[in-house]
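A.B. asks: Questions regarding the structure given below will be posed in turn.
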Amino acid sequence: NVNWTPAAQREVQWYDGAWRWLETYVLPETVSNWFVDTTRYEYLQNLKHARSSRAGTDSNFVYVGQNRGYFFSPYAPSAHEFLFKMFVEHLEGSLLDWQIGDLMPSCTAGDIRVSYRTKDPDRLSAIGRLVDGRERARLTLFTTSRNYQLGLAHEGIHEFGDMFETEAVDAKWSCLLLRALMIIWAIVPSHLVAAFFAKELTTTSEVCTSCIGIVGTILPVAWATIWKQDFLGSSQDIAMVLLLLAAVPIYVRTLYYAHLSATPGGFTGMWRWVAAAICLDPAWYGSAAISSTSDAKKEE
């Protein structure tokens with residue numbers, strides 16, 4: 001459990017003296033170890049912003065403690081619900097039926113009570129910026145030269161190189177998945193770019209190669225923008241350059257052999273493709289396309 005106290009330690013209880021005597025003279029060590037307090041104590045002042053948090057303002061959560069670190073949100077019925085409840089109690093004759101227990105604060109239906117459980121590791125390896133290391137080491141996020149907020153914490157004793165390698169392995173598959181999903185995202189941009197150049201992607205192969213070309217162009221440009229002066233410093237950077245050199249010709253060739261559109265290109269063509277994709281009335285965008293087609297026939 002996690003508990004917040006003024007001194008960040010367990011508060012003295014009335015039975016502590018008797019329990020200490022039992023541990024010393026009566027109970028064996030194996031039995032007393034079953035009752036060791038494993039609660040993690042934090043300073044109560046760390047909750048000074050809890051009232052202004054989203055949970056405090058929207059749901060009226062307050063810290064009540066009660067030796068288990070409870071946060072409590074009382075249920076607040078609406079005016080209509082309160083009046084309906086009074087009306088029903090009036091019908092059944094219990095509106096003025098008060099008892100001593102009703103005067104005592106207690107949980108009612110709809111109240112929410114929350115506590116936290118955690119497990120602190122025996123040993124911890126962390127990477128960050130040391131703020132205070134006099135009594136209790138306190139770390140915060142480290143700001144890199146590219147204004148990137150860095151902070152790592154791994155259970156156990158690890159070298160910083162091993163920690164970075166572990167993070168890279170964990171992020172590898174999620175990164176590859178997101179890059180693969182970019183191909184699906186590129187379907188719309190590929191059609192928009194084709195409409196800008198008065199082209200139409202009519203086959204599945206044209207759409208796929210166009211999407212691959214767009215993703216293969218965006219990824220190296222974004223990669224070089226992020227790494228800037230450190231670009232071309234690793235094998236991954238060289239792979240990005242090769243990807244760019246392969247993606248651009250593929251995309252240009254696909255766009256060159258695509259079918260000509262009946263509508264003019266430019267931003268007007270992009271707008272007409274969007275309007276047709278969302279099933280707008282053709283009267284909004286079709287008249288200009290018809291007139292441009294008739295003009296082209298006249299020129300022939």
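A.B. asks: Report yes if Ala275 is surrounded by 12 or more Cβ atoms within 10 Å (Cβ to Cβ), modelled with pLDDT under 75 and assigned to a helix (DSSP H, G or I), otherwise no. If you could, list the steps in order and put the result at the bottom.
C.D. replies: On the way: surrounded by 12 or more Cβ atoms within 10 Å (Cβ to Cβ): yes; modelled with pLDDT under 75: no; assigned to a helix (DSSP H, G or I): yes.
So Ala275 fails the test.
A.B. asks: Mind counting the residues in the stretch 183-230 that are surrounded by 14 or more Cβ atoms within 10 Å (Cβ to Cβ), touching a Leu at 6+ places or on another chain (Cβ under 8 Å) and aliphatic (A, V, I, L, M)?
C.D. replies: The number of residues fulfilling the criteria is 5.
A.B. asks: Now, a different point. Could you check the stretch 234-265 and list, in sequence order, the residues that are in a helix (DSSP H, G or I), at pLDDT 85 or above and not aliphatic (A, V, I, L, M)?
C.D. replies: Pro249, Tyr251, Arg253, Thr254, Tyr256, Tyr257
A.B. asks: If only one of Val221, Val193, Val215 is under 34 Å from the mean Cα position of the chain (by Cα), at pLDDT 85 or above, more than 30 Å from Arg146 (Cβ to Cβ) and hydrophobic (A, V, I, L, M, F, W, C), which one is it? Before you say what the answer is, go through the steps one by one.
C.D. replies: Working: Val221 fails: more than 30 Å from Arg146 (Cβ to Cβ); Val215 fails: more than 30 Å from Arg146 (Cβ to Cβ).
Residue meeting the stated conditions: Val193.
A.B. asks: Another question, then. Can you tell me which residues in the stretch 115-172 are of a type in the set (D, E, K, R) and either in a helix (DSSP H, G or I) or on the phi > 0 side of the Ramachandran plot (or both)?
C.D. replies: Asp162, Glu165, Glu167, Asp170, Lys172
A.B. asks: Go through the stretch 33-94 and tell me which strands (runs of 3 or more DSSP E), entirely inside it, have 2 or more residues that are closer than 18 Å to Ala109 by Cβ.
C.D. replies: Details: elements: 40-43, 62-65, 70-73.
In the stretch 33-94, 70-73 are the strands (runs of 3 or more DSSP E) which contain 2 or more residues that are closer than 18 Å to Ala109 by Cβ.
A.B. asks: Under the condition of being without any contact (Cβ under 8 Å) to a residue 12 or more places away in the chain and open to solvent by 40 Å² or more (accessible area, probe 1.4 Å), which residue from the stretch 8-18 is nearest to Glu42 (Cα to Cα)? Break it down stepwise before answering.
C.D. replies: Here is the first cut: in the stretch 8-18, the ones without any contact (Cβ under 8 Å) to a residue 12 or more places away in the chain are 12-18.
Filter again for open to solvent by 40 Å² or more (accessible area, probe 1.4 Å), leaving 12-15, 17-18.
Details: Val12: 16, Gln13: 18, Trp14: 22, Tyr15: 23, Gly17: 24, Ala18: 26 Å.
So the residue we want is Val12.
A.B. asks: Given the conditions (1) open to solvent by less than 80 Å² (accessible area, probe 1.4 Å); (2) closer than 29 Å to Tyr70 by Cα, which single one is not true for Ile127?
C.D. replies: Answer for Ile127: the failing condition is (2).
A.B. asks: Something else now. Consider the stretch 2-32. How many of its residues are assigned to a helix (DSSP H, G or I), small (Gly, Ala, Ser) and at pLDDT 80 or above?
C.D. replies: Quick first cut of the stretch 2-32, residues assigned to a helix (DSSP H, G or I) only: 16-25, 29-32.
In the following step, the residues that additionally are small (Gly, Ala, Ser) were identified as 17-18, 32.
Adding the requirement that they be at pLDDT 80 or above leaves 17-18.
Qualifying residue count for the region: 2.
The values are calculated or read from the model by the stated rules, or taken from the named source; none is laboratory data. What you see is a predicted model, and the numbers here were worked out from it, not measured in a lab. No Cβ is skipped: glycine too gets one built from the backbone with ideal geometry, and neighbour counts run over all protein chains shown. Side chains included, ligands, DNA and RNA excluded: accessible areas come from the protein's heavy atoms. Shrake-Rupley method; radii C 1.70, N 1.55, O 1.52, S 1.80 Å.
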